[in-house]
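First comes the structure, then the notes that go with it.
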Protein chains: 4
Amino acid sequence: MKNEETQVLHIHCADEKGLIYRITEILYSHGLNIVNNQEFVDAKNSYFFMRTEFEGVDGIETITNDLRKVLPTKAHISCTPVGNRSVVLMASKEPHCLGDLLLRHKYGELTARVKAVVSNHEVLAPLCKAFDMPFHHIPAAGIDREAHEASILDVLANYAPDYLVLAKYMRIFTPSFVERYPHRIINIHHSFLPAFVGASPYRQAYRRGVKVIGATAHIVTDNLDEGPIIAQDVLPVNHSFSADEMAFAGRDVEKNVLAKALKLVLQERVFIYKNRTIVFD
Amino acid sequence: MKNEETQVLHIHCADEKGLIYRITEILYSHGLNIVNNQEFVDAKNSYFFMRTEFEGVDGIETITNDLRKVLPTKAHISCTPVGNRSVVLMASKEPHCLGDLLLRHKYGELTARVKAVVSNHEVLAPLCKAFDMPFHHIPAAGIDREAHEASILDVLANYAPDYLVLAKYMRIFTPSFVERYPHRIINIHHSFLPAFVGASPYRQAYRRGVKVIGATAHIVTDNLDEGPIIAQDVLPVNHSFSADEMAFAGRDVEKNVLAKALKLVLQERVFIYKNRTIVFD
Amino acid sequence: MKNEETQVLHIHCADEKGLIYRITEILYSHGLNIVNNQEFVDAKNSYFFMRTEFEGVDGIETITNDLRKVLPTKAHISCTPVGNRSVVLMASKEPHCLGDLLLRHKYGELTARVKAVVSNHEVLAPLCKAFDMPFHHIPAAGIDREAHEASILDVLANYAPDYLVLAKYMRIFTPSFVERYPHRIINIHHSFLPAFVGASPYRQAYRRGVKVIGATAHIVTDNLDEGPIIAQDVLPVNHSFSADEMAFAGRDVEKNVLAKALKLVLQERVFIYKNRTIVFD
Amino acid sequence: MKNEETQVLHIHCADEKGLIYRITEILYSHGLNIVNNQEFVDAKNSYFFMRTEFEGVDGIETITNDLRKVLPTKAHISCTPVGNRSVVLMASKEPHCLGDLLLRHKYGELTARVKAVVSNHEVLAPLCKAFDMPFHHIPAAGIDREAHEASILDVLANYAPDYLVLAKYMRIFTPSFVERYPHRIINIHHSFLPAFVGASPYRQAYRRGVKVIGATAHIVTDNLDEGPIIAQDVLPVNHSFSADEMAFAGRDVEKNVLAKALKLVLQERVFIYKNRTIVFD
């Protein structure tokens, strides 16, 4: 029996002449109905990326095996049915990103199952209740970071999410936590032109009189706020904005950029390579 | 002897299973060094587009012949060395688009040879002289449209340009003129949100109090200002702008959008199909 | 006893020399603590606008009377406490604008009391329930436009809203309905560059291959979709978007532009004059 | 005899109740025809800014004296006829910003007299010649920074410019040079989201995979690249851009932002206060 859902094939490997030919020959021989096909070669690193969206096939294991025979030995090959991913959202006190994602999920805009919300505060519980979304309050007060993360991991174990989405979760994870979800944690943070390092970035941005504020959605790696960037956007501000008003105005761009990044990830449009993303949008 | 320059292969035809495989097999068998490869399928019309950038090959006629054997009978196949195009610019009185293109050309930003400027007015002659660019003043006063266009065609005949770029050329061509340069005339015009039809669009936009003005670069077809769109952009305005100030502010977006569109065309990134463009950027 | 809340004074009238001096003399003589003051003169129509935000005063009637003595006879003077407005939202089937406004209201971002939602369909009832927001389903099927509007007016009578916000309410009001809420109905609609008149605008935009889609928030007047514009924004699209995907992508810009326009109105930043807005942002 | 040109009055001082009233009383008593009037209060610092554009007055010294009597003792008052400023441009090797400003100047878009170009390289001499603009080549090779700057100051002395505009001038000035033109040097530099400190910012931005690049025009102070920001803008990039292509794409936004900033300064729309700008646009 045929599987009619859309699947996405990801291939990335060292570049060689004839890769597209070799790959498409196999896809053609298996009768794949290709809906969309995109390739990119990182010329500097001589590295090849290909995203193929197709419909109506089973026996993907056979295809993968056949591909492996014609690709370089270290090639990465994966195939994912679109809409099959699961997500847990994490947040602290601010409702704008969380509420926006819950709304989009409720109305089918996110091709994923959002399974629960985890927070270090209680304030967003009513919002989750309004959306019938399980809410786990795991307070961080009075325990050390490792103990707090252990409690979070216990809760997450029940959901086995493919992705964690940090919707203004204001705590930093330890490297060992991040390792549990390699390239599977998505974060949003404010950004400036130029950037301001250290505490109170909006206050620093205000003092410098920036005319543009922005937001960056990125993959979380050990290197705090410096993982591969998925999406960014900005909005104009002016001298009449206080630091607080800049932060407030930044909410709109934060929520849109996070939602955009999550949708790109869920549609399997994002490859990560050497701390950069390749985004086939 | 090898030809080391970059060339771009364009293929578009009715979509079929296995097209990419069949095409890349031939490209591979001829040893093409593919720098960049992009495909798009217009699902609604079941139509296939492919742009392949490659280096270092001669015998492109043989390749084209081989491709023709494996593609649908009505397939369009063309191959163009990048940087080989010639352009004539046309303008009326406003210097912003013309001056911008002349500057970009002087500093090698346009991968084309700009051969001359044709104008129905004399006012831009000194600008062309400053750039050592041949300037042809072909006044339209006192003669009919056909006679004027005949004079223009006489001048153009000496240059045999691949493209005509209307850098604020404020006259409308007859269908028979447009037919002489099918899909080879690029125009820029102001655009609004919503659009205003008829005379004095900036005046109408002012009266409605628009908050955004824009510009659209498009291919000229018989259907005035309604040919396929190549590029668009906008900039914000507010109540303090008079109609004249809107037109003035619009100049910056007009010149950037026209330059962007021209560069896309010259890099062979634009396909035209059913009054739409497919732009591989 | 002092009133500590922020109030906004609106003055607009024919321009004359010395207006700011005469107005600020009176405000100063009453000891107003001015937080923010903005003026604009529409030079073309020789018309003056002033918005003054102040704190901590009562006896606004006395001030208004004093102002009237020094201003042109037809001057408009009004004073509104910020945060005092009431709003009823109207929607049809699409949840994105309604959900976004309900979220912003729940978290105090809208300085107004949203009192209820009125819809010609039932599908958004659960969303309103989740936010504990009264929902009135007033079906339009099987009755004429006047009867339907009469039912809506009956419901609205209970709430006496200052503003009606059409959050993708897909029906057109009769002139007599609009007259009941003069300059007090705010609508959002998609916009294109160029605009497409008539049915299925996204389909027309797709056929033309537009590279930018947008949204316009405006005041509803008799002239359908042509009332004064409050806010506009755009987002880029490309050839890979189907008409449906353009409409879908347009949702993000629609909800942001509507929220922005509503906030501007609620902060008393919008003047309407001759089918244009003056927006002090 | 009346002076019919437009002038701009700048006042900034500690905020007090009644400032606008006291100022406009004096302006009214002198019969000023105010075209435009804008105020801003920096609430955090309790500091007041006012920009008044007026026509047709002489005896501005009397007005200034009268104003001084009613304003706080340390008030700054200045009055400048619009279009009266002189500018010297400085550049190194890149033509995009310089060419753009020379074009705008040639066509009357800059309300200033551009008097000359100074460069540490010779490569832009032909561009200046094309625009009949005096060009001074002052090489920096083989001499120390102070000697180089002394030569520049010698040349500048002949022009006595109000503003120096650094149109991609790639050398850093000593504090003593900057002191000679306090708040009168305007610079453009690339900006990123987030910013990258140190050498090769485009290379760093590439490595991180940024999706947005930008430009910042600012006043030069001792604090390199950290003076008050006048204008900023961004443009989108993606994974297909090499570091060089990012730098190249950045040229369009650099030239537009620099031109915008210069126009704001020349229209006397920029106030500087505590390392921030107040921009009345």
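Structural remarks
- DSSP beta bridges confined to chain B are antiparallel in about 70 percent of cases.
- GNM flexibility winner over chain B from B:His136, B:His189, B:His30 (Cα, springs under 10 Å): B:His30
- Per residue, the accessible area of region C:7-81 comes to 42 Å², computed with a 1.4 Å probe over protein heavy atoms only.
- Put simply, the amide H of A:Tyr47, placed in the peptide plane, has neighbours under 5 Å in A:Asp15, A:Asp42, leaving out anything fewer than 5 places away on its chain.
- Plainly put, the tip 7 Å out from Cα toward Cβ on D:Ala157 is 6.3, 8.1, 8.7 nm from that tip on each other copy, the closest given first.
- Crossing angle, helix D:96-106 versus chain D [Cα axis fit, 0-90 degrees, rounded to tens]: 40 degrees
- Qualifying trypsin sites (Lys or Arg not before Pro) for region D:37-115 [loop in DSSP, other Cβ within 10 Å: at most 16]: D:Lys44, D:Lys74, D:Lys93
- Dimensionless Rg ratio for region B:1-140, taking C-alpha atoms and the 2.2 N^0.38 Å reference: 1.42
- For the options D:Ser240, D:Ser92, D:Ser78, a Gaussian network treatment of chain D with springs between C-alpha atoms closer than 10 Å singles out D:Ser240 as fluctuating the most.
- Percent carbon-and-sulfur accessible area, the protein assembly as shown, ignoring ligands, DNA and RNA, probe 1.4 Å: 50 percent
- The H on the amide N of A:Thr221, modeled in the peptide plane, is under 5 Å from the matching H of A:Glu226, A:Gly227, each at least 5 residues off or on a different chain.
- Per the rotation superposing chains B and D, the chain B residue found at the smallest beta carbon distance from the axis is B:Ala130, 2, distance in Å.
- Nearest-first distances (nm) between copies at B:Lys69, label 7 Å from Cα via Cβ: 2.6, 10.0, 10.0
- Net charge of neighbours whose Cβ lies under 12 Å from the Cβ of A:His30, counting Lys and Arg as +1 and Asp and Glu as -1: -3
- Annotation note: GluC sites (Glu not before Pro) in region A:217-281 located in DSSP loop regions with a Cβ neighbour count of at most 15 within 10 Å are A:Glu226.
- Antiparallel beta bridges, as assigned by DSSP with both residues in region C:127-281, represent about 85 percent of the total such bridges.
- Radius 14 Å from Cβ of A:Met133, net charge of other residues (Lys, Arg +1; Asp, Glu -1): +3
- Relative contact order (%) - criterion: Cα under 8 Å, at least six apart; region: chain A: 15 percent
- Of all the options C:Ala231, C:Ala249, C:Ala157, the one that moves most in a Gaussian network model of chain C with Cα springs shorter than 10 angstrom is C:Ala157.
- Vicinal HN-Hα couplings computed from phi for region C:132-146 (Karplus, 6.51 cos²θ - 1.76 cosθ + 1.60; Hz; Gly/Pro x): 6, 10, x, 10, 10, 8, 10, x, 9, 5, x, 10, 7, 4, 5
- Acute angle (nearest 10 degrees) that the helix C:60-70 long axis makes with the longest principal axis of chain C, alpha-carbon atoms: 70 degrees
- Whole-Hz Karplus values for region B:116-121 come out as 6, 10, 10, 9, 7, 10 Hz, taken residue by residue from phi with 6.51 cos²θ - 1.76 cosθ + 1.60 and θ = phi - 60°; glycine and proline positions read x.
- Counting Lys and Arg as +1 and Asp and Glu as -1 over every other residue whose Cβ lies under 15 Å from the Cβ of C:Leu67, the net charge comes to 0.
- What separates the B:Asn36 label point from its copies, with the point 7 Å along Cα to Cβ, is 2.0, 4.1, 4.5 nm, written shortest first.
- Heavy atoms of chains A and D lose about 3000 Å² of accessible surface on contact, summed over both sides with a 1.4 Å probe.
- Amide hydrogen neighbours beyond the local backbone of B:Ile138, cut-off 5 Å, H modeled: B:Ser119, B:Asn120, B:His121
- Nearest-ten-degree value, helix C:243-266 long axis tilted from longest Cα axis of chain C: 20 degrees
- Value at 222 nm in deg cm²/dmol, rounded to 500, when DSSP H runs of n ≥ 4 in chain C each add -39,500 (n - 2.57): -10000 deg cm²/dmol
The values are calculated or read from the model by the stated rules, or taken from the named source; none is laboratory data. Please read these numbers as outputs of a predicted model, since none were measured by experiment. Positions of Cβ are generated from backbone atoms using ideal geometry, with glycine treated the same way; all protein chains shown enter the neighbour counts. Please note that ligands, DNA and RNA were not included when accessible areas were found on the heavy atoms of the full protein model with its side chains. Shrake-Rupley method; radii C 1.70, N 1.55, O 1.52, S 1.80 Å.
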